[in-house]
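Here's the structure, in structure tokens; my notes come after.
The values are calculated or read from the model by the stated rules, or taken from the named source; none is laboratory data. Everything numeric here is computed off the predicted structure, so don't read it as measured data. Virtual Cβ from ideal backbone geometry, glycine too; neighbours counted across all protein chains shown.
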Amino acid sequence: MADARDPRDGSTTADERGELFGVHIPELQLPGREYRAALEAARLGDDEVYLELGSGHGRGIVIAARDFGAESIGVEYLEDAIARTQRSAERAGVADRVRLMREDLRRIDPSGADVIHMHLGPAFHDVLAARLERLLAPHARVVAAGWRVPGWQPLPDALDRWDGGYVYRPADPRMQASWGARGQLADGTPTIEFRVNADLAELQPRLDGIPAAGRVEPDRTDAARGTAVLLALPPAGSGELTVWARCRAGRITQRGPSVATVSRRNGAP
Ligand SMILES: C[S@@+](CC[C@H](N)C(=O)[O-])C[C@H]1O[C@@H](n2cnc3c(N)ncnc32)[C@H](O)[C@@H]1O
């Protein structure tokens, strides 16, 4: 599952190589009941692969293998934490269903996993999100405990307790939205295209909190590519563009590019 590793000749420390990314506090462990609730919400099956990014002392690894019957894979950088997890798995009688890797979790290929668990910190969830979106199997579910993944929409049965974790299905095409080309209307109003699933019911675009108008483009809308919307941006404004959309599959909050608009109306440059 791991990508090719950097050569390690022992002359540099993990910190110098930038591998100590994340919070290296395995003691910051989730309680067993939080793991169980999250893995139930994610519907982890006994024929599935559970991958925990930053598995710490291995509580989740053992619960996934023992209580859910899954093949359980832990990625962890700290040797002591791996040894401790191995001992727990042996004590629980599930060592044959547990695989532990001492790797940098940023280099792991998660494509073989059905349920991925991470409890790493807000910035790290954000950084990993793009890689997971790209590599995960379409049916995969991601549990992000402690912190949400910005820009992802939790599944309707997501847990709402702070530490239990939110369950996502990032590769679900119904929950994908994308940004298109910038342009302008005949009167100079700046525009940007936005595409979301075909069941769009409601849309609230905002540029730095200021409402923007959106109109569906029927000619460019179809079931395969979703609904195309042309957003007309406030004539003078700057900041992050966000769109809140309601679809049959759920609600989406999509963060957009940072934009600055300048009106060409009324003689402005
Ligand atoms: C906050 S603890 C969570 C432990 C466990 N998942 C839990 O929730 O109970 C984060 C774990 O991720 C590990 N970690 C952080 N960055 C890592 C990296 N780049 N590669 C591998 N493991 C990492 C840390 O050593 C630590 O054990």
Subject >> All positions within the stretch 86-120 that are within 10 Å of the ligand (Cβ to nearest atom), not in a loop (DSSP other than H, G, I, E, B) and not charged (D, E, K, R) >> reply: M101, L105, I108, H117, M118
Subject >> Whichever residue in the stretch 201-240 is part of a loop (DSSP other than H, G, I, E, B) and closer than 21 Å to P150 by Cβ and, among such residues, is modelled with the highest pLDDT >> reply: A212
**OP:** Would you check if A123 is exposed (fewer than 15 other Cβ atoms within 10 Å of the Cβ) and within 14 Å of the ligand (Cβ to nearest atom)?
**Re:** yes
**OP:** Mind listing whichever residues of the stretch 229-247 are farther than 23 Å from G188 by Cβ and touching a residue at least 60 places away in the same chain (Cβ under 8 Å)?
**Re:** A245, C247
Original post:
Filtering the stretch 60-83 down to residues that are in contact with a helix residue (DSSP H, G or I) (Cβ under 7 Å, 6 or more places away or on another chain) and in a strand (DSSP E or B), which residue is surrounded by the fewest Cβ atoms within 10 Å (Cβ to Cβ)?
Top reply: E71
**OP:** Scan the stretch 199-228 and report the pairs whose first residue is within 18 Å of V259 (Cβ to Cβ) and in contact (Cβ under 8 Å) with a residue 12 or more places away in the chain and whose second residue is among the charged types (D, E, K, R) and part of a strand (DSSP E or B), with Cβ atoms within less than 8 Å and a gap of 6+ or a chain change.
**Re:** L203/R246; L207/E240; D208/E240; A212/R206
Subject >> Residues of the stretch 126-141 classified as closer than 21 Å to R97 by Cβ and either charged (D, E, K, R) or crowded, with 21+ Cβ neighbours inside 10 Å (or both), total >> reply: 2
